[in-house]
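See structure below.
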Amino acid sequence: MRITRRQWLLGTAAVAVAGAGIPALAAGNWQEGVIARIVRTHVPDAQLSDADMTAFARAFLDNRGISDALLAARAVLGPVRTMLPQAVAGRLHKLDSVTINMFLLATDYFDPARGDGPVALIAYPDPYGGSGCANPLARFDFLPPAQA
Amino acid sequence: MAVYDSVIVGSGFASSFFLQKHLTRLPATARVLVLERGPHKDHAWQIENRRTTPIEPDSTFERAGDRDKTWQFSLGFGGSSNCWWACTPRMLPNDFRMATVYGVGRDWPVGYDELEPFYCEAEEIMQISGPEDAPFPRSRPYPQPPHRFTDPDRRLKARRPEHYFNMPTARARVATDTRAACCANAVCRLCPVDAKFTILNGMKETFADPRVTLLLDAEALAIETEGGVATGVRFRRGGREEVAQASLVVLGANGMFNPFLLLKSGFDDPLLGRRLHEQGAVEATAYLDGVDNFQGSTSITGHGYLLYDGPHRSRHAGCLMESWNRPFFRLEPGRYRQILGLKFIFEDLPSEENRVEISSSDPSRPVARFVTRSDYLQAGVRALEASLPRVLEGLPIDRVELAPGVLPTEAHVLGTTVMGDDAADSVVDRHLVHHKVRNLVVVGSSVYPTGAPANPTLTLSALSLHAAANL
């Protein structure tokens, strides 16, 4: 029988959840926990309050529609992803990449005024919501022609 | 049966720019009918529905040949101005003379110098933002100041000032009466703040002219002719077929539907529908060493011309490099912003085997039959990797990753009603008038004899102004 990647991911998730040996996946908001772990892995210097982290994770999951199967696969297989088939590892890497992209844009991580202080959630970057401008890195000052 | 002075099919760039100039030359009593196949969906509707039109483009035509090759456009009032990315380089003078200078492709029947005033006019209408310097001769400054470079752009400019420029763009640098300033969301296909030029936000007055009647949801079915003269357009609206008579017919339905409508109308020009092509692009990611990115004021900030023009074009395709300011981060603590997205847009040489024809299973739809891109383009892509160190000189780089393959579409449809001086090997003349039916004008990128690396919209808009001025 041929097993599709989706079936494989779902099976992995089912085994992980049913195993009950992984407390993270048994917790009520385990999906948010997976997102928080991704953030802490890739942005280790970000001190963020639990409330902000939860708010970011919730907004991220609501906006991106990430499947539970993928999140579970990330929770269980993340530490060993270098040993995984390229297609699976690629999906996990993409999840990490998108998560960090949104996290860095959603917070004041790059704001020079923050200094070494804690990172704060500013707003989830949705260009079609709120003010319509969701790129905190863009700069709009007018430089001399030679440097424009 | 309604009678008009002119009937124009389509309301995208090509039709609207033609209309604007055409109106300046018509008497106050003139009547112009514009037939638009789709509805008018304003910006608020587009944002609410997260799409530019309720018509799914893929439902309107079939594809054959290379299954990976897709085509993209938007149907509805304003056409593809609703979904374009608003990149507006001019073509270079040599782009018009490929056969003469490089011995490939064919020359355009119009040259850069002749088109230059109309480039200026189109740039004024679109309020283009652009730099003081440029890789092409200019008789006027750009209407708006350039968008802000990123730090990597500035380094590339410092290293190769003659080959690197701020991208000219219709994404507003400063707000206009009808457009906000771009704030670099980098979702330009549907701009959240209405900063890019569209027909809806930039040419509404043209359509409000009392001489103009805009009929929405009116699908053109055929050009009516009699004795070698166009007499009007047959169209369907609300389930009913009608004919609008006119002494001038202008076809601006896009590169897919211009040839389709002519074929459906019984036109048999040898190259009609042939030479379907567009640019092909390759993406790359440069991992920078110690230089942060993303300080620009719009989605795409820089244009690199090092690989665009030169003797290599006699052997392989030239390409235009775009540098991207859409934030995407490197997964390395402390180096998140040390990354640069690049896109290399290659010209293709048209081939007669790639074409638009009438579907045999559903004659109400065109088929885009695309066999393959040219060896010329493929050779250009193959040569890219070896050129990257030279292109990116001035930037400290860890490594560059080239994405595999050519992207499926650049959302341009070119070449299917080619213009030329000789009726035996072209469909329309230098003023876009059909060689045989002299009161029929065909506008848009379907008239392109060759597709340069430059995005085609500004040039096709200038061509429309030029055509209307020379009627």
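The values are calculated or read from the model by the stated rules, or taken from the named source; none is laboratory data. Note that the structure is predicted; figures quoted are calculated from it, not measured. In this analysis, Cβ positions are derived from the backbone assuming ideal geometry, glycine residues included, and neighbour counts consider all displayed protein chains. For the accessible areas, the whole protein counts, side chains as well, though only heavy atoms, and no ligand, DNA or RNA atoms are used. Shrake-Rupley method; radii C 1.70, N 1.55, O 1.52, S 1.80 Å.
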Could you tell me whether any residue of the range B:100-111 is in contact (Cβ under 8 Å) with a residue 24 or more places away in the chain and within 14 Å of chain A (Cβ to nearest Cβ)?
-> no
Options B:PRO152, B:PRO192: the member that is away from chain A (no Cβ under 11 Å) and either outside any loop (DSSP other than H, G, I, E, B) or out of contact with any Ser or Thr (no Cβ under 7 Å at 6 or more places or on another chain) (or both) | B:PRO152
Condition met for A:ILE100 (more than 13 Å from chain B (Cβ to nearest Cβ), within 12 Å of the chain's Cα centre (by Cα) and either among the β-branched types (Val, Ile, Thr) or open to solvent by less than 30 Å² (accessible area, probe 1.4 Å) (or both)) = no
Which pairs have Cβ atoms under 6 Å, sit 6 or more apart or on different chains, and link a residue in the range B:352-369 that is under 16 Å from B:GLN72 (Cα atoms) to one that is among the small types (Gly, Ala, Ser) and assigned to a strand (DSSP E or B)?
-> B:VAL356/B:ALA368; B:VAL367/B:ALA64; B:ARG369/B:ALA64; B:ARG369/B:GLY65
Within the range B:18-53, tally of residues that are free of Cβ contacts under 8 Å to residues at least 12 places away in the same chain and within 14 Å of chain A (Cβ to nearest Cβ) | 4
Which pairs have Cβ atoms under 7 Å, sit 6 or more apart or on different chains, and link a residue in the range B:299-318 that is β-branched (Val, Ile, Thr) to one that is assigned to a helix (DSSP H, G or I)?
-> B:THR301/B:ASP153
Could you pull out the residue among B:THR70, B:THR60 that is surrounded by fewer than 16 Cβ atoms within 10 Å (Cβ to Cβ), over 15 Å from the mean Cα position of the chain (by Cα) and among the polar types (S, T, N, Q)?
-> B:THR70
Filtered residues of the range B:160-182 (kept if basic (Lys, Arg) and more than 18 Å from B:ILE125 (Cβ to Cβ)) | B:ARG160
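Return the residues of the range B:1-46 that are assigned to a helix (DSSP H, G or I), touching a helix residue (DSSP H, G or I) at 6+ places or on another chain (Cβ under 8 Å) and farther than 18 Å from B:HIS466 by Cβ; say none if nothing qualifies.
Selection gives B:HIS43, B:GLN46.
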Failed item in (1) surrounded by 15 or more Cβ atoms within 10 Å (Cβ to Cβ); (2) in contact (Cβ under 8 Å) with a residue 24 or more places away in the chain, with B:PRO396 passing the rest | (1)
Pair list, Cβ < 9 Å and 6+ apart or interchain, from the range B:280-293 residues that are open to solvent by 10 Å² or more (accessible area, probe 1.4 Å) to residues that are in a strand (DSSP E or B) and small (Gly, Ala, Ser) | B:GLU283/B:GLY341; B:THR285/B:GLY341
Can you find even one residue in the range B:173-189 that is within 12 Å of chain A (Cβ to nearest Cβ) and in contact with a helix residue (DSSP H, G or I) (Cβ under 8 Å, 6 or more places away or on another chain)?
-> no
From the residues in the range A:115-148 that are facing chain B (nearest Cβ under 7 Å) and within 23 Å of the chain's Cα centre (by Cα), which one is modelled with the lowest pLDDT?
-> A:GLY132
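If you go through the range B:201-213 one residue at a time, do you hit one that is free of Cβ contacts under 8 Å to residues at least 60 places away in the same chain, under 27 Å from B:ARG50 (Cβ atoms) and within 14 Å of chain A (Cβ to nearest Cβ)?
no
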With the condition kept exactly as written, say whether any residue in the range B:85-99 is among the small types (Gly, Ala, Ser), open to solvent by 10 Å² or more (accessible area, probe 1.4 Å) and farther than 20 Å from B:TYR305 by Cβ.
-> yes
When B:ASP42 is evaluated against the numbered criteria (1) farther than 26 Å from B:LEU271 by Cα; (2) open to solvent by less than 10 Å² (accessible area, probe 1.4 Å), which criterion, by number, is the only one it fails?
-> (2)
Taking only the range B:294-326 into account, find how many residues are within 14 Å of chain A (Cβ to nearest Cβ) and either more than 20 Å from B:PRO168 (Cα to Cα) or open to solvent by 30 Å² or more (accessible area, probe 1.4 Å) (or both).
-> 2
